[in-house]
Amino acid sequence: MTGATRAEYCVVACAEAWRGAGEILASPMGLIPSIGARLARRTFAPDLLLTDGEALLVDADGTVEGWLPYRRHLALAAGGRRHVMMGASQIDRYGNQNIACIGDWAKPRRQLLGVRGAPVNTLNHPTSYWIPKHSRRVFVERVDMVCGVGYDRADGARYHRLARVVTDLGVLDFATPDRSMRLASLHPGVTVERVREATGFALEVPERVPVTREPTAGELRLIREELDPGNARAREVAQ
């Protein structure tokens, strides 16, 4: 196997969000998170529940395993037994996420997806984020509208947990005393300075920042031969 690409490091970093999760519903949104969830299911998280995006439970290869009625889906989501990986048009140091609009919500400069299920997701079960382009446009001092709820607004929410933020530059988490964002690892070839320059707020950076875990030979084989043989991942994250 040739060396792993940046996109493949991102796939593995997304997969790690579900390590040790047990029998919960994995809800990845986007190509690389979806490959990551399927990789986790095929390797170190065999009890993960995956869906076809509607009402069927499926295996990592799409084979139907069962039916998940909407009421059961809601019970899992509201009871802490789901881990969603969403996107973010904006995200701040405490993990508040915006996917609704850019500018004043009363007269936005740009209308986006809307709030959708982000508040319910973040307050009721673990949430991670996938951001394919780490930039100051996304990592902002203050989001224009709060959709996903961050640590500074979630006091008392029983199942609120922001696990990780994966980007094309590295992995971030909230393992700090005040639950502000921290640089947890760097993808190969990326420097701390580059991440700081691409972040619109003061990021917590430990004295030593590890490199993101390298995909194993077995994981690379699965990604390249079974999960994404067409290499669609390279269109989302360039090498």
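The values are calculated or read from the model by the stated rules, or taken from the named source; none is laboratory data. As the structure is a prediction and not an experimental result, all values here were calculated from the model. Every residue, glycine as well, gets a Cβ built from its backbone with ideal geometry; the counts of neighbours run over all protein chains shown. Areas reflect the complete protein model, heavy atoms only, side chains present, ligands, DNA and RNA absent. Shrake-Rupley method; radii C 1.70, N 1.55, O 1.52, S 1.80 Å.
Here are the numbers:
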{"read-out": "Most mobile listed residue (P46, P206, P215) in the chain, GNM with C-alpha springs under 10 Å", "value": "P206"}
{"read-out": "Gyration tensor verdict on region 1-141 (Cα atoms; rounded if a/c is under 1.5, prolate if a/b is larger than b/c, oblate otherwise)", "value": "oblate"}
{"read-out": "Extension gain from N231 to T176, taking 0.36 nm per residue of separation minus the Cα-Cα distance", "value": "16.2 nm"}
{"read-out": "Chain lengthening between S135 and D155 when straightened (0.36 nm per residue, less Cα-Cα)", "value": "4.4 nm"}
{"read-out": "Solvent-accessible area per residue, Å², over region 13-140 with all protein chains present [probe radius 1.4 Å]", "value": "46 Å²"}
{"read-out": "³J(HN,Hα) computed for each position of region 118-130 - Karplus, 6.51 cos²θ - 1.76 cosθ + 1.60, integer Hz, glycine/proline x", "value": "4, x, 5, 4, 5, 8, 10, 6, x, 9, 10, 10, 10"}
{"read-out": "Cα-based convex hull, the chain, per residue volume (Å³, whole number)", "value": "129 Å³"}
{"read-out": "In sequence order, calculated HN-Hα J values of region 205-210 (Karplus, 6.51, -1.76, 1.60; Hz; x Gly/Pro)", "value": "10, x, 4, 10, 10, x"}
{"read-out": "Dipole magnitude of the chain about its Cα centre (Cβ charges: Lys, Arg +1; Asp, Glu -1), debye to nearest 20", "value": "520 debye"}
{"read-out": "Cα gyration tensor, region 195-239 - rounded (a/c under 1.5), prolate or oblate", "value": "oblate"}
{"read-out": "Where K133, K107 fall by accessible area, highest first, once all protein chains stay in place (1.4 Å)", "value": "K107, K133"}
{"read-out": "Sum of -39500 (n - 2.57) over DSSP H runs of 4+, divided by residues of the chain (222 nm, nearest 500)", "value": "-6000 deg cm²/dmol"}
{"read-out": "Gaussian network model of the chain, Cα within-10 Å springs - most flexible of F139, F201, F174", "value": "F201"}
{"read-out": "Accessible carbon and sulfur surface of region 99-150 relative to its total accessible area, %, 1.4 Å", "value": "54 percent"}
{"read-out": "Exposure rank, largest accessible area first [M85, M145; 1.4 Å]", "value": "M145, M85"}
{"read-out": "Vicinal HN-Hα couplings computed from phi for region 48-61 (Karplus, 6.51 cos²θ - 1.76 cosθ + 1.60; Hz; Gly/Pro x)", "value": "4, 9, 10, 10, 8, x, 10, 10, 10, 7, 10, 7, 4, 9"}
{"read-out": "Choice from M86, M29, M181 with maximal GNM fluctuation in the chain (Cα, 10 Å cutoff)", "value": "M29"}
{"read-out": "Rounded FRET efficiency, nearest 0.05, which uses the C-beta distance separating R109 from R19 and R0 of 41 Å", "value": "0.55"}
{"read-out": "Accessible surface of region 1-78, 1.4 Å probe, proportion on carbon and sulfur as whole %", "value": "53 percent"}
{"read-out": "Projected label distance in nm at R194 and T2, using a 7 Å step from Cα toward the beta-carbon", "value": "1.9 nm"}
{"read-out": "Region 1-22 residues near the modelled R213 label - backbone nitrogen below 17 Å, point 7 Å along Cα→Cβ", "value": "4-5, 7-22"}
